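Accompanying notes for the structure given below.
Here, each number is a calculation from the coordinates, and none is a lab measurement. Quick caveat: nothing in here was measured; it's all calculated off a predicted structure. Cβ coordinates were reconstructed from backbone atoms using ideal geometry, including for glycine residues, and neighbour counts include every protein chain displayed.
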Amino acid sequence: MSVKDSKSCTAYRGHIISPLDYETYIEYVDGVILVGNDGKIEAVGPWQEFQSQSASFQRVLDYGKRLILPGFIDLHVHLVQIAQTGRSGDTLLGWLNKYIFPAEAKFASADHAVKLADWFFRELSKNGTTLASVFTSIHHEATDIAFQSAAQSGCRVIMGKVLMDRNAPPELTEDTARSLELSEELCRKWHGYDNGRLSYAFTPRFAPTSTSAQMQQLSALWQKYPGSFMQTHLSENTDEISWVHELFPDCKSYLDVYDRHGLVGPNSLFAHSIHLSDQDLRRLGEAGAATIHCPSSNFFLKSGAFPYKRAREAGVHIGLGSDIAAGPEISLFKVMKDASYIQSDLWLNPRELLYLSTLGGAKAVNMDKQIGSLEVGKEADFIVIDPTLKSAVPFDILDQPVDDILSGLIYVGDDRMIVATYVRGQPIYQVEEVHERQRIKL
Ligand SMILES: [Zn+2]
């Protein structure tokens with residue numbers, strides 16, 4: 001096999017595993033990905049087939065027996081809550097009032113916003129997350145700072161400022177018209193930045209903190225900017241659901257509130273989506289909307305279990321989210337593990353869990369033609385994993401069949417296994433110097 005312009009390619013050699021759908025995958029035990037200067041994958045295959053051309057490659061980075069997988073996709077995470085991780089003791093509404101609203105109010109300070117944004121994006125890349133869909137606070141300046149930090153970090157990011165124009169503390173409640181103006185300003189500035197590496201998401205926190213007028217006008221804004229997103233929370237907690245029914249007595253369900261305000265469609269992301277009827281799930285499936293499953297958070301706040309089997313049957317897109325800080329785990333390894341544990345009567349196989357955290361996530365945000373798997377023509381977002389850096393991993397894990405390798409990663413893995421994180425072929429995190437043209441002994 002040969003590539004047209006081998007001189008402009010960097011070769012990444014290692015043990016390659018990539019999902020193709022829920023069940024199938026590609027694996028090259030001694031494989032290579034060739035990445036062009038444009039950050040796109042030119043070829044993937046066994047090293048043997050490319051070895052004869054290797055002298056002509058721009059560079060060869062040899063990761064030895066280490067694993068090369070697509071980067072993780074975390075579709076629900078709150079930048080502004082990262083310093084509140086692990087604060088337990090209450091369910092959703094009490095937890096918001098006690099810990100989260102005071103923490104978000106601190107983002108009125110630009111200094112605070114810079115410090116936490118830089119920390120947040122470092123944590124993502126250190127954990128192998130190459131795309132995240134992020135909530136900030138209501139603050140325009142802090143959100144602008146978060147975008148600057150995202151731009152510098154090299155991460156791929158979908159993000160937006162939160163909108164709340166009622167039922168929130170006064171310092172976090174905005175004037176409706178102003179909240180929409182500021183959202184649009186940020187969207188115009190950042191949506192599509194760096195050839196689409198950053199995207200804007202219109203981000204009403206959830207139905208209880210938005211008026212009808214805010215949601216209605218937000219729908220028009222969302223439609224105005226092609227490729228932009230709408231992200232919010234849906235049916236997480238039973239008290240929250242009762243509150244929504246009191247606030248919107250004419251709506252048939254929580255989902256119906258968003259639907260009546262024009263917020264359900266492709267590129268709408270609904271975090272949690274736990275307590276939903278079959279009719280709601282059907283509607284989400286037909287609309288091409290995405291549910292974002294956040295199992296670690298659901299355990300932490302005792303919210304319930306996502307109806308995984310019914311959602312799959314209804315053809316709903318499913319992505320995974322860490323939901324920092326209601327979820328105490330920013331590592332997608334841990335989120336995948338919790339996605340398995342939270343289903344009391346269902347086994348999710350390791351290939352399926354890997355799919356959810358990579359290509360399935362990309363599909364949920366309609367980026368699966370671009371990222372999510374290691375296939376020719378896609379952008380080279382990938383991670384390098386050395387499972388032996390973590391304790392209690394079977395010593396022969398790398399010689400096992402794919403399901404056993406993935407199972408070891410999912411049930412035992414964490415950030416200590418991540419050796420390098422790449423977006424568009426550019427390293428955004430590396431634990432050590434890469435040894436060029438030198439096999440790393442494991
Ligand atoms: Zn959330």
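Measuring from label point to label point, each 7 Å out along Cα→Cβ, what is the Gln152 to Glu27 span in nm?
According to this spin-label approximation, the distance is 4.2 nm.
On a straight-distance basis, which lysines could pair with Lys189 in a cross-link, Cα separation under 23 angstrom, same-chain partners fewer than 8 positions away excluded?
Lys115, Lys161, Lys224
Rounded to the nearest 5, what is the percent of antiparallel bridges among the DSSP beta bridges in the chain?
45
Counting only C-alpha contacts under 8 Å and six or more residues apart, can you give the relative contact order of the chain as a whole percent?
20
Note the full-extension length gain between Gln216 and Glu185 as 0.36 nm times their separation in residues minus their Cα-Cα distance, in nm to one decimal.
9.4 nm
If you wrap a convex hull around the Cα atoms of the stretch 213-340, how much volume per residue is inside, in Å³?
Roughly 107 Å³ of hull volume per residue.
Would you kindly state how much longer the chain becomes between Thr238 and Arg178 on full extension, computed as 0.36 nm times their sequence separation minus their alpha carbon distance, in nm to one decimal?
18.5 nm
In the stretch 72-364, with Lys and Arg counted as +1 and Asp and Glu as -1 at Cβ, which of these residues, Ala110, Thr291, Met164, has the Cα nearest the positive end of the dipole, that is, farthest along it?
Farthest towards the positive end: Thr291.
Measure nothing fancy, just the Cα-based angle from helix 212-224's long axis to the longest principal axis of the chain, in degrees from 0 to 90, nearest 10.
That works out to roughly 40 degrees.
Quick one: if you stick a label point 7 Å off each Cα along the C-beta vector at His245 and Ser88, how many nm between them?
For His245 paired with Ser88, the spin-label model returns 2.9 nm.
How far, in degrees from 0 to 90, does helix 238-247 lean away from the longest principal axis of the Cα atoms of the chain, to the nearest 10?
50
Given a Förster radius of 56 Å and the C-beta distance between Ala110 and Ser277 as r, what FRET efficiency does 1/(1 + (r/R0)^6) yield to the nearest 0.05?
0.80
Helix-only estimate, please: 222 nm mean residue ellipticity of the chain, summing -39500 (n - 2.57) across DSSP H runs of length 4 or more and dividing by its residues, to the nearest 500. Walk me through the numbers on the way to the answer.
Details: 17 runs with 150 residues, N = 442.
Taking each H run of at least 4 residues, the total per residue is -9500 deg cm²/dmol.
Would you mind giving the three semi-axes, in whole Å and largest first, of the ellipsoid equivalent to the stretch 136-217 according to its Cα gyration tensor?
24, 12, 10
Quick one: Karplus J couplings for the stretch 112-119, per residue in order, coefficients 6.51, -1.76, 1.60, θ = phi - 60°, nearest Hz, x for Gly and Pro?
With coefficients 6.51, -1.76 and 1.60, one gets 4, 4, 5, 4, 6, 5, 4, 4 Hz.
Multiply the residue gap between Asp194 and Leu20 by 0.36 nm, knock off their C-alpha separation, and tell me the result in nm, one decimal place.
Numbers: separation 174, 0.36 × 174 = 62.64 nm, distance 2.70 nm.
So the chain would gain 59.9 nm between Asp194 and Leu20.
Starting from the Cα of Lys302, draw a straight line to each of the lysines and keep only those under 24 Å, dropping any in the same chain fewer than 8 residues away.
Those lysines meeting the cut-off are Lys98, Lys334, Lys337.
Work out the FRET efficiency for Lys302 and Ala55 from their Cβ-Cβ distance, taking R0 = 60 Å, and round it to the nearest 0.05. Let's see the in-between values first.
Working: r = 59 Å, r/R0 = 0.98.
The formula returns an efficiency of 0.55 here.
Of the listed peptides 209-216, 387-394, 24-31, 158-165, what is their order by residue-averaged count of other C-beta atoms within 10 Å, with the highest listed first?
Highest to lowest by the protection proxy: 158-165, 209-216, 24-31, 387-394.
Rg and Dmax of the stretch 62-122, Cα atoms, in Å?
16.4, 50
Rounded to whole Hz and in sequence order, give me ³J(HN,Hα) for the stretch 169-183 from the Karplus expression 6.51 cos²θ - 1.76 cosθ + 1.60, θ = phi - 60°, writing x for Gly and Pro.
These are the phi-based 3J(HN,Hα) values: x, x, 6, 10, 10, 10, 5, 4, 4, 5, 4, 6, 4, 5, 5 Hz.
Suppose every Lys and Arg Cβ carries +1 and every Asp and Glu Cβ carries -1, with no other charges. What dipole size does the chain come out with about its Cα centre, to the nearest 20 debye?
The dipole of the chain has a size of about 600 debye.
How big is the gap, in Å, between the Cα center of the stretch 1-66 and the Cα center of the stretch 190-243?
Using only Cα atoms, the two centres lie 38 Å from each other.
Could you tell me how many degrees, from 0 to 90 and to the nearest 10, lie between the Cα long axis of helix 332-341 and the main elongation axis, the longest principal axis, of the Cα atoms of the chain?
70
Return the equivalent ellipsoid semi-axes of the stretch 290-385 as a descending list in whole Å, where each equals the square root of 5 times an eigenvalue of the C-alpha gyration tensor.
Working from the Cα gyration tensor, I get semi-axes of 23, 15, 12 Å.
How fast does the chain diffuse by Stokes-Einstein, in µm²/s, taking the Kirkwood radius from C-alpha pairs at 25 °C and 0.890 mPa s?
Reported coefficient: 111 µm²/s.
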